[in-house]
Amino acid sequence: MRVLIISDIHANFVALETVMSDAAGRYDTVWCLGDVVGYGPAPNECVDLVEAEADLCVVGNHDWAVLGHPDLDIGHFNPLARAAVEWTQGQLSEKSHNYLTSLPAEPLEPEGADGILVTHASPREPVSEYIQSPEVALENFSYFETKMCLVGHTHRPAIFHWQLRKIYSRRGRRNGIPVTVDYLRPYEGQCVRLELTELQRLILNPGSVGQPRDNDPRAAYALLDLESLTWEQRRVAYPIDLTQSQMRAAELPRRLIDRLTFGS
Ligand code: ZN
C-alpha cells in the first residue's frame with residue numbers, strides 16, 4: 001500500500017489541489033494529519049476534498065478552535081490566527097462542521113499498517129505539542145510503542161531518529177544503554193528507507209500543504225510506501241498568488257497573506 005500523507009492544509013485549496021495532482025497515480029490511500037481549516041480562504045472546499053479522499057484523518061488544534069471545542073482555549077492563539085478562526089466559523093457549512101466534529105483527537109493506528117501511529121501534534125499531547133527539537137522528540141518516544149509515529153502541527157518537514165545503543169565493556173559486560181535522537185530535515189525528493197532494527201524508531205513529519213514555515217513556500221507532503229518501506233519527502237510549487245487573492249477578497253489578515261510568499 002502506498003499512502004499519500006498530507007497535513008496542515010489550513011483551508012488552502014489551491015495548494016491542496018496542486019498536491020493531489022502532483023501525487024496522482026503514486027498512492028492508493030490518503031492519510032491526513034489534521035488542521036484541514038484555519039488561516040486560509042477555502043475551508044469547505046478543503047474539508048470536502050479530504051472527506052472524499054482520505055481514509056483516515058485526525059483532528060488538529062485549528063479544527064478544534066473553529067469548532068469551539070471546550071478543550072481548546074482560543075485565548076492561546078495569536079490575534080491573527082484567532083481572526084482567521086473567527087472568519088472560518090462564519091464560513092463553515094454544516095457538512096464541514098459535522099465532518100470535523102467526527103475526527104478523532106486520540107492517536108490511532110491505521111488498519112493494515114502495522115507499527116505506525118498517526119496523530120496531529122505529538123503522542124504525549126495529540127492536539128497541541130510541537131515536536132521541533134530532538135529533546136522534545138526523545139521525551140515523546142516514551143509515549144508510544146509502535147516503531148513509527150507520524151505527526152504534523154509544526155509545518156516543517158522533519159525526521160527524528162531514535163536509536164538505542166548497546167555498549168559493552170571489553171569484558172563483554174553491558175555498560176548501559178544510552179538512547180540518542182538524531183534530527184534530519186529531509187530535502188525535496190529525499191527518499192528515506194524505513195527498514196528499522198529493533199533498536200531504531202522514528203517520528204516523521206511531512207510538513208504543511210497550505211502554510212509551510214521552513215522558509216520554503218512550496219507545498220509539502222510525503223509519500224509513504226508500506227511495501228518498499230520508504231518515506232519520500234515532496235515539495236511542489238503552487239500558484240500562491242491565487243490563494244492570496246482569495247484571502248484578500250475574504251479580508252483575512254494581511255500578515256497571513258504575506259507569509260505564504262516566504263513560507264514563514
Ligand atoms: Zn497547523
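Read the figures in this text as sums done on the coordinates, not as results from a lab. Keep in mind it's a predicted model, so treat the numbers as computed, not measured. No Cβ is skipped: glycine too gets one built from the backbone with ideal geometry, and neighbour counts run over all protein chains shown.
Annotation: amide H-H contacts under 5 Å for SER122 (H modelled 1.01 Å from N, sequence separation of 5 or more, or interchain): VAL127, SER128, GLU129. Model label sites at LEU164 and GLU139, defined 7 Å from Cα along the beta-carbon direction, differ in position by 2.2 nm. A helix-only calculation puts the chain at -8500 deg cm²/dmol for mean residue ellipticity at 222 nm, using -39500 (n - 2.57) for each DSSP H run of at least four residues, averaged over all residues. Highest mobility in the GNM of the chain, judged by mean-square fluctuation with C-alpha springs under 10 Å and restricted to ARG185, ARG171, ARG234, is found for ARG171. Looking at the chain, the DSSP beta bridges with both ends there are about 70 percent antiparallel.
By counting other Cβ atoms within 10 Å of each Cβ, how are ASP8, ASP182 ranked from fewest to most? Can you show the working numbers first?
Numbers: ASP8 30, ASP182 11.
Arranged by neighbour count, lowest to highest, ASP8, ASP182 become ASP182, ASP8.
Karplus-derived 3J(HN,Hα) values for segment 206-219, using 6.51 cos²θ - 1.76 cosθ + 1.60 with θ = phi - 60°, are x, x, 10, 5, x, 7, x, 10, 10, 6, 10, x, 6, 4 Hz; glycine and proline are entered as x.
In the chain, the inverse of the mean reciprocal separation of distinct Cα atoms equals 18.7 Å; this is its Kirkwood hydrodynamic radius.
Extension gain, ASN215 to GLN132, is 28.4 nm, computed as 0.36 nm per intervening residue step minus the present C-alpha separation.
Can you tell me how much longer the chain between ASN98 and LEU242 gets when fully stretched, taken as 0.36 nm per residue apart minus their C-alpha distance, in nm with one decimal?
Here the segment from ASN98 to LEU242 would lengthen by 49.0 nm.
Backbone phi angles across segment 101-112, fed through the Karplus curve with coefficients 6.51, -1.76 and 1.60 (θ = phi - 60°), yield HN-Hα couplings of 5, 7, 6, x, 9, 6, x, 9, 9, x, 4, x Hz in residue order; Gly and Pro are listed as x. Note on the chain: GNM, Cα springs under 10 Å; of LEU33, LEU80, LEU223, the largest mean-square fluctuation is that of LEU80. A simple spin-label model places pseudo-atoms 7 Å from Cα toward Cβ; at ARG26 and TYR187 they are separated by 1.7 nm. With N counted as the residues of segment 70-164, its alpha-carbon radius of gyration over 2.2 N^0.38 Å works out to 1.26.
Using C-alpha pairs under 8 Å with a sequence gap of at least 6, the mean separation divided by the residue count of the chain gives a relative contact order of 23 percent.
Here the Gaussian network model covers the chain, with springs between Cα atoms less than 10 Å apart; of ILE116, ILE159, ILE167, ILE167 fluctuates the most.
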